[in-house]
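Since the structure comes first, as structure tokens, the remarks are kept for the end.
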Amino acid sequence: MNHSSVKQSFLALFFGRLGRYALHGVEQVGDASMLGLRALSLLFVRPWQGKHFILQLYALGVGSMVIIIITGAFTGMVLALQGYYTLAKFGSESLLGAGVGLSIIRELGPVLGAFMIIGRAGSSITAEIGIMRVTEQTDALEMMAINPMQRILLPRIVATVIAVPLLVSIFDIVGIASGYVVGVELLGVNQGAYMAELIAKITMVDIYGGWIKAIVFGFMIGMICTFMGYRSEPTTEGVAKSTTEAVVVSSVGVLIIDYIITSFFL
């Protein structure tokens, strides 16, 4: 076999595997979307899951608040510190407030907030549902004439859709406040200039864009993490694999969707 034949065989094998992975990914996305939509279709079907909505919202929202506050605070401080020394080279320190605010509201708040929620809450959702599969709790619910999608999946999807925008808003507020402390109190930027540029440069379009990203990220995180847990193999190895895949797929999905949504707001 000559060199050309070997090269062609390698390329055929490479693109063949790449195509199979792509088709499998598309199939998984379609399956997850259908499962999530089927769960959401049960939103107004009795018995209503109000108690479980509140419990999941508390677990996802309040449970993730500490890590969101810490991440937001240090993100704002680092932005202010780096931004100050960059803008100082051009004599534009007064634009620090606008730079910190726009960076956090438009990009870092939704994206980093979603990453923290994926690591803290998304992995927990997948592992919890996967363990229910291992211990046959979903089968027990079906034996009691309780729809597992309505009791298990629906409250978690709705909770993430509600919790992620709220947590991202807290991230934004804490990040901008910590940037103000570093920029004004520590680095000596004029307080009036900082606030004036912050208010003048940030528009409602920027705020709406951040909220839309947060809502979409919340739905995607809830859909992927519940799907991975619900479809995981009923073994400890299967739950561990599904949890890892949920974190990886959700994180990559956040970056892809972030680019798509950002392109519509520029």
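Starting with the highest mean, order 54-60, 89-95 by the number of other Cβ atoms within 10 Å, averaged over the residues of each peptide.
Put in order of decreasing packing, that is 54-60, 89-95.
Which one, Y85, G16, G109, projects farthest toward the positive side of the charge dipole computed for the chain from Cβ point charges (K/R +1, D/E -1)?
Final value for the positive-end residue is G16.
How many Å³ per residue does the convex hull of the Cα positions in the chain occupy?
180
What is the local net charge at Q82, summed over the other residues whose Cβ is closer than 15 Å to its Cβ (Lys, Arg +1; Asp, Glu -1)?
Once all neighbours under 15 Å are counted, the net charge is -1.
Below 12 angstrom from the Cβ of L102, what's the summed charge of the other residues (Lys, Arg +1; Asp, Glu -1)?
Net local charge, L102 excluded: -2.
Treat the count of other C-beta atoms within 10 Å as a stand-in for reagent exposure and order T75, T244, T226 from fewest to most.
T244, T75, T226
Residue by residue through the stretch 116-123, what is 3J(HN,Hα) from phi via Karplus (6.51 cos²θ - 1.76 cosθ + 1.60, θ = phi - 60°)? Round to whole Hz and write x for glycine and proline.
Per residue, the Karplus-derived 3J(HN,Hα) values read 5, 5, 4, x, 8, 9, x, 5 Hz.
Residue-wise, which Karplus ³J(HN,Hα) couplings in Hz belong to the stretch 142-150, taking 6.51 cos²θ - 1.76 cosθ + 1.60, θ = phi - 60°, and x for glycine or proline?
Per-residue couplings from phi come out as 5, 5, 8, 6, 10, 6, x, 5, 6 Hz.
If Lys and Arg each add +1 and Asp and Glu each add -1, what is the summed charge of the other residues whose beta carbon sits under 14 Å from the beta carbon of V239?
-2
Could you count how many Lys pairs in the stretch 48-265 have their Cα atoms under 28 Å apart, skipping same-chain pairs fewer than 8 positions apart?
4
For the stretch 156-208, how big is the tail of P(r) above 16 Å, as a whole percent of Cα pairs?
For the stretch 156-208, the fraction of Cα-Cα distances above 16 Å is 56 percent.
What's the ranking of 153-163, 38-48 by average number of surrounding C-beta atoms within 10 Å, highest first?
Those peptides, ordered most packed to least, come out 153-163, 38-48.
For the stretch 30-139, evaluate the Debye formula with one uniform point scatterer on each Cα (no solvent term) and list log10 I(q)/I(0) at q = 0.19 Å⁻¹, rounded to two decimals.
With no solvent term, the Cα-only Debye profile gives -1.09.
Dipole size in debye (nearest 20) for the stretch 48-265 around its Cα centre, Lys and Arg Cβ +1, Asp and Glu Cβ -1?
With only Lys, Arg, Asp and Glu charged at Cβ, the dipole is about 160 debye.
Taking the Cα centre of the stretch 149-220 as origin and charging only Cβ (+1 Lys, Arg; -1 Asp, Glu), how large is the dipole, in debye to the nearest 20?
Here the size comes out at about 420 debye.
Every number in this text was worked out from the coordinates using simple rules, so none of it is lab data. Computed from a prediction, not measured in an experiment: that's the story for all the values here. Cβ sites come from the backbone with ideal geometry, for glycine too, and all protein chains shown count toward neighbours.
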